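Participant: One structure, pasted below without further comment.
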Amino acid sequence: MGHIDRDFVNLDLSKDFVVADTPFVGLPVPPVPGPAKVLQGSFWVNERDSKFTLYGGTFNPDRRNRTDIVEPLSFWSYYLPTSTWRKEEARGDLILGASRGASTYYKDVGYYRGGQIDNFTTPNWRGGDSGTVILSGMLKVDLATITITNETRHSGYDVFKFENSGLVYRDGNLIPVTFNKRDYLINFAGGGVRGNGLPLKDVYVYDIERSSWYRQPTSGGPPTNTRGGCVVANYAPDNSSIQIIFYGGLNYNVDKGDFEAIDSMWILSIPGFEWIPVAPGNRPRGPGARQDHTCHIRGSQMLVVGGRNDSRICEGSGIWVFDTSKLEWQTSYIANSPYTVPTTVSSAIGGSSNGGVSWDGLPKVAPPDINSPFYNITGGNSSEKKSPSAGVIAGSVIGGLVGLGLIGLVVWYFYKRNRDKKLDDAPLPPQIEDQGAFDPTKNVYGGPPNEISELGSPAPSSQAPRYSTLSGYNEPAQLHGDSAFPVELYSPPLGHELPPESRGVYEVQSKNTVGSEGAGTNEGGSAVHESLPEVPVPPPVGRS
C-alpha cells in the first residue's frame with residue numbers, strides 16, 4: 001500500500017469553472033490524533049447539524065507508515081460552522097469498521113450495505129491477513145446521535161438472486177430516491193466472492209418506511225455484471241420519472257481471466273425500471289475506462305472524480321464533467337444548468353424533455369411480490385423532486401470520500417455551498433490472484449472482536465474495490481462517502497464467507513446461505529438475526 005495523505009479540500013459548485021483549471025481550495029488538515037487516514041471509507045452528511053461523518057475504510061497496516069491512531073470502530077465528524085473535527089460516541093448495536101460496502105446517506109441517516117472486515121479495517125484482527133469476512137445485510141446510522149441499527153434483523157434478504165449460492169455482498173451501489181411521496185433505496189451491481197455477482201437483470205428496492213427489501217426485474221439491456229461503477233440520479237422536471245446514471249466499473253474478462261475497467265454508461269429509468277444504453281459524443285472525450293472513481297450530481301452536471309483506467313497508477317487530473325441532459329462530456333462546469341430528460345430516454349419511455357410520461361407509473365416488468373411498493377402505483381407525476389438546498393439531488397450523493405491514488409476528494413452541496421473533499425495517495429501494485437479457500441480451523445476466531453453487525457452501496461457511492469488482505473497492500477479505492485454514488489469498487493478474487501460455526505458477525509441466515517463452496521438456491525428461506533456473545537475488542541493501533 002502506498003502513502004495515504006491527509007489532504008482535505010473543497011470545491012465550490014455554486015460557480016462555473018473550466019475543468020482544466022478546477023479551483024480546489026484547501027481546508028484545515030485533519031488533526032492528529034483525529035480521523036485515521038483511510039481508503040474506501042464512508043463520508044455522510046447531516047444537514048441538521050451541518051456536519052460530515054466519516055465511517056470505516058481501509059488503513060495502512062504497516063506501522064512504519066502509520067502516523068495516526070487506528071481503532072476497531074470510530075466515528076469522526078467535521079463540523080462546518082466551526083471548521084473542526086470531533087470524535088463521536090457511537091450508540092446502539094455493536095459493530096466494527098468495514099470497507100467496500102455500498103454506502104449512502106439520506107435525510108440525516110447513513111446506510112451501509114455489505115462490505116468486508118479484515119486486517120486492513122480492524123487493527124489486530126484475529127483472522128490475520130487471510131481472514132477476510134464478507135458481510136451481508138445492512139446498517140443504518142442516525143447521524144445526529146450516531147445511533148447504529150442493524151437492519152439485518154429484518155427479514156427479506158432472500159429476495160436477492162446472486163449468480164450462485166450465498167448472500168454476502170460487497171462493491172455494490174446504493175442510491176436513495178423519493179417516488180410517490182415514499183422514500184426508497186435502490187441497490188444493484190456488485191457481488192460476493194469472485195464468480196458470484198449480482199446480475200443487473202434485477203435491482204433491489206428497500207422501502208425505508210417498512211424496513212423491507214423487494215426484488216424488481218428490469219427491462220432493456222441489461223448491463224453485464226459490474227463492480228465498481230458509480231451512480232447519480234436526476235428527476236424529470238415534472239417529476240414523472242427518475243433517471244439513475246450508472247457509469248464505469250469493472251467487468252470480468254473470461255479470456256484474460258481477470259477484471260478490467262470499462263467505460264460503459266447506462267441509464268436506469270424509474271418507475272419503468274428500464275435500462276437504456278448511453279453513447280456519449282466523442283468531443284470532448286471523457287476519462288475513458290474508469291474504476292475507483294466517484295460521481296456527484298448538481299442539476300444536469302455530473303462530476304466524475306478520480307479513479308484510474310487499467311493502469312496501475314491513479315491519475316492526478318482528478319475531475320471530469322458530464323452533462324446528463326445532453327449526454328455529452330464537457331470542458332466546463334456550469335453551475336445553474338437544470339436537468340431535462342435526454343432525447344435518448346424520452347424516445348424509450350415516452351414523453352418529452354420536461355417529462356410527461358403517459359404510462360400508469362408501473363414497472364414494465366411486474367415485481368414478483370404483490371406487497372412491493374411498485375406492484376400497484378397510481379398516477380404518473382408521482383415522484384417528489386428534491387430542492388438543491390436539501391443537499392442531495394435525486395438522492396444522489398453530493399458528498400463522498402474518494403480514494404484516488406493521488407488524490408481523494410469530496411464534493412458536496414450543502415446550504416448552497418458545494419465542496420469537494422479528500423485525497424488519498426497510493427500507486428497500485430499488481431493484482432493478486434486467489435490464494436485458496438479460507439480455512440477457519442487455522443484461524444483464531446471464536447468470534448471477531450465484538451459483534452460485527454452484518455453490514456449489508458454510491459457512493460457513490462457508493463462507494464469498494466481493490467485491495468487484498470492476502471498481500472499486505474491496499475489498492476486505492478474510492479472512499480464511499482455518499483455513495484448514492486457509491487461508487488462500487490472492484491472485488492478482487494479473495495475474501496470468503498465464513499461457515500456458520502465460525503461466524504462472528506450478524507449473518508443473514510437462510511437455506512441459500514451455505515458458504516461460497518456449498519450448494520444452495522436463492523429461493524425461499526427466511527432471514528434470521530443471529531446474535532453472538534460479545535468478545536473482547538482488539539486494542540487500537542497507536543502512532544509509531
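Here, each number is a calculation from the coordinates, and none is a lab measurement. Not measured: the values here are computed from a predicted model. Ideal geometry is used to build each Cβ from the backbone, glycine not excepted, and the neighbour counts take in all protein chains shown.
Participant: For the residues Val305, Val29, what sequence is obtained by ranking on other C-beta atoms within 10 Å, fewest first? All intermediate terms of the calculation are to be shown ahead of the outcome.
Facilitator: Numbers: Val305 29, Val29 12.
The fewest-first ordering by Cβ neighbours comes to Val29, Val305.
Participant: Output the pairs from Lys15/Lys364; Lys181/Lys326; Lys15/Lys87 with a Cα-Cα distance over 30 Å in this structure; if there are none, say none.
Facilitator: On the way: Lys15/Lys364 40 Å; Lys181/Lys326 28 Å; Lys15/Lys87 32 Å.
Beyond 30 Å between Cα atoms: Lys15/Lys364; Lys15/Lys87.
Participant: Using a simple spin-label model with points 7 Å from Cα along the Cα→Cβ vector, what separation in nm is obtained for Ala366 and Ser211?
Facilitator: Here the answer is 3.0 nm between the modelled labels.
Participant: Right, something else. Return the Cα extents of the stretch 330-371 along principal axes one, two and three, sorted largest first, each rounded to a whole Å.
Facilitator: Projected onto the principal axes, the Cα atoms of the stretch 330-371 cover 46, 19, 15 Å.
Participant: While we're on this one: Grab the beta carbon distance between Arg48 and Ser332, set R0 = 25 Å, and tell me the FRET efficiency rounded to 0.05. Kindly include the intermediate steps, with their values, before the conclusion.
Facilitator: Working: r = 34 Å, r/R0 = 1.35.
My answer for the efficiency is 0.15.
Participant: Can you give me the three principal axis dimensions of the stretch 6-161 from its C-alpha atoms, in Å, biggest first?
Facilitator: Rounded to whole Å, the extents work out to 46, 40, 33 Å.
Participant: Something else: What do you get when you divide the Cα radius of gyration of the stretch 189-256 by 2.2 N^0.38 Å, with N the number of residues?
Facilitator: On the way: Rg = 14.3 Å, N = 68, 2.2 N^0.38 = 10.9 Å.
Compared with the compact-globule rule of thumb, the stretch 189-256 sits at 1.31.
Participant: Taking 0.36 nm per residue of sequence separation and subtracting the Cα-Cα distance, how much length would be gained by fully extending the chain between Lys181 and Asn124, in nm to one decimal?
Facilitator: Working: separation 57, 0.36 × 57 = 20.52 nm, distance 4.59 nm.
The span from Lys181 to Asn124 would gain 15.9 nm if fully extended.
Participant: If you look at just the Cα atoms of the stretch 79-168, how large are its Rg and its Dmax in Å?
Facilitator: 15.3, 50
Participant: For the stretch 164-312, just run the numbers: alpha carbon Rg, then divide by 2.2 N^0.38 Å, N being how many residues it has. Before the final figure, lay out the partial values.
Facilitator: Values: Rg = 15.5 Å, N = 149, 2.2 N^0.38 = 14.7 Å.
Compactness ratio reported: 1.05.
Participant: Still on this model: Given the C-alpha centroids of the stretch 161-179 and the stretch 67-127, what is the distance between them in whole angstrom?
Facilitator: 20 Å
Participant: Place the peptides 50-60, 229-239, 98-108 in order of packing, highest mean first, counting for every residue the other Cβ atoms within 10 Å and averaging per peptide.
Facilitator: Working: 50-60: 26.2, 229-239: 28.1, 98-108: 32.7.
Sorting 50-60, 229-239, 98-108 by mean packing, highest first, produces 98-108, 229-239, 50-60.
Participant: Take the Cα pairs of the stretch 221-270, get the Kirkwood Rh, then feed it into Stokes-Einstein at 4 °C and 1.567 mPa s and tell me D in µm²/s. Can you show the working numbers first?
Facilitator: Details: Rh = 12.0 Å.
Rounded to a whole number, D works out at 108 µm²/s.
Participant: Between Ser353 and Arg91, how high is the FRET efficiency from 1/(1 + (r/R0)^6) when r is the Cβ-Cβ distance and R₀ = 45 Å? Nearest 0.05.
Facilitator: Values: r = 47 Å, r/R0 = 1.05.
Calculated value: 0.45.
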